[in-house]
Amino acid sequence: MIHGRSLFHIVASLIILHFSGATKKGTEKQTTSETQKSVQCGTWTKHANGGIFTSPNYPSKYPPDQECIYIIEAAPRQCIELYFDEKYSIEPSWECKFDHIEVRDGPFGFSPIIGRFCGQQNPPVIKSSGRFLWIKFFADGELESMGFSARYNFTPDPDFKDLGVLKPLPACEFEMGGPEGIVESVQILKEGKASASEAVDCKWYIRAPPRSKIYLRFLDYEMQNSNECKRNFVAVYDGSSSVEDLKAKFCSTVANDVMLRTGLGVIRMWADEGSRNSRFQMLFTSFQEHTVRRVHL
């Protein structure tokens, strides 16, 4: 579970404040400073045995002006099943433009949408295609209802039915910094982080000098199982290793250079047991942006 600043970052960065063309009770809904304030709610959950989450105050009526983001994370080689309790009631509206639950297949607010739900009939069982589900509960300023209770559990990913359960992953992190340097996958073996036959989930933390940003350039890159992101990828994060700071993810045959907006870059390499020939080498360069001041004559 993510606490404190990270949870606030997730909720704040994903809030959607405008619903184009939506009117209610024949009047245009006005956005005020009061309605813009959404109560912090929602969680990042990855409990191994599943769990339960609810709308605020359930089974009593949820309060108005809510924006809650729930992100469910499964372990590698698992998918998610999501069930809604029959005691369910969310203000009905055409196409669920007002109060609603929105579910997406992935960890982001722009992941493929599975459905948007409201009314008195609880949603059907929802199954993810991978390790994440993103769920948003939205309530406007009028007509509150009971809300929902949802439970989730994990099931084996059918894409890996012949490989079985993944063994525990070795600890694999690297700290790097300075004006420039090389990040490369061969460090995993050189520094004894994992054997050549173990699955790895490794992170390189690059810390630039104060007031600097980071530019990343790939010198070498090859995924053993191209276009199979569940099996191998290289990802770049900007500011932290949390999923909301994901800048780019590469698992095909091409990897592009990346410019970061902060002085902390995180490179992550995931490779399962059958993808350990995947490799990359990356040059990082720290730089400072200089502003040109105009001189008036």
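A short reminder: the numbers here are calculations on the coordinates, not readings from a lab. Small disclaimer: the values here were computed from a predicted structure and weren't measured. As a convention, Cβ positions derive from the backbone with ideal geometry for all residues, glycine included, and neighbour counts pool all protein chains shown.
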For S60, S197, what ranking results if the residue with the fewest other Cβ atoms within 10 Å of its Cβ goes first?
S197, S60
Once R0 is set to 22 Å, what does the formula 1/(1 + (r/R0)^6) return for the Cβ-Cβ distance between S226 and E191, expressed as a FRET efficiency to the nearest 0.05?
0.25
Report, in listed order, any pair from K167/K213; K193/K249; K167/K247; K213/K249; K127/K167 with a Cα-Cα distance greater than 31 Å.
K167/K213
So what J values fall out for the range 119-132 if you push phi through Karplus, 6.51 cos²θ - 1.76 cosθ + 1.60 with θ = phi - 60°, rounded to Hz, Gly and Pro as x?
x, 9, 9, 5, x, x, 4, 10, 10, 7, 8, x, 8, 10
Spin-label point model (7 Å from Cα, Cβ direction): what's the E180 to S241 distance in nm?
2.7
Give the long-range amide H neighbours of I80: residues separated by 5 or more places, or on another chain, with amide H under 5 Å away, using H modelled in the peptide plane at 1.01 Å from N.
S128, G130, T155
What's the exposure ranking of T43, T285, going from fewest to most Cβ atoms within 10 Å?
T285, T43
Trypsin sites (Lys or Arg not before Pro), restricted to the range 119-221: which are DSSP loop and have at most 10 other Cβ atoms within 10 Å?
K161, R211
As a footprinting exposure proxy, order S185, S149 by other Cβ within 10 Å, with the fewest listed first.
S149, S185
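What GluC sites (Glu not before Pro) does the range 199-297 have in DSSP loop regions with at most 10 other beta carbons within 10 Å?
E289
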Cleavage-rule hits (GluC sites (Glu not before Pro)) in the range 71-161: DSSP loop, at most 15 neighbouring Cβ within 10 angstrom
E86, E142
HN-Hα couplings for the range 103-116 via Karplus (6.51, -1.76, 1.60; θ = phi - 60°), in whole Hz with x for Gly/Pro, come out as 10, 10, 8, x, x, 10, x, 10, 5, x, 7, 8, x, 10
What list of ³J(HN,Hα) values in whole Hz, one per residue of the range 231-236 in order, does the Karplus curve 6.51 cos²θ - 1.76 cosθ + 1.60 (θ = phi - 60°) give from phi, with Gly and Pro shown as x?
9, 7, 6, 10, 10, 10
Tell me, what is a quarter of the convex hull surface for the C-alpha atoms of the range 173-287, in nm² with one decimal?
6.3
Inter-part gap, Cα centre of the range 180-250 to Cα centre of the range 124-154, in whole angstrom, is 32
List every residue whose amide H lies under 5 Å from the amide H of A199, counting only residues 5 or more places away in sequence or on a different chain, with H placed 1.01 Å from N in the peptide plane.
E273
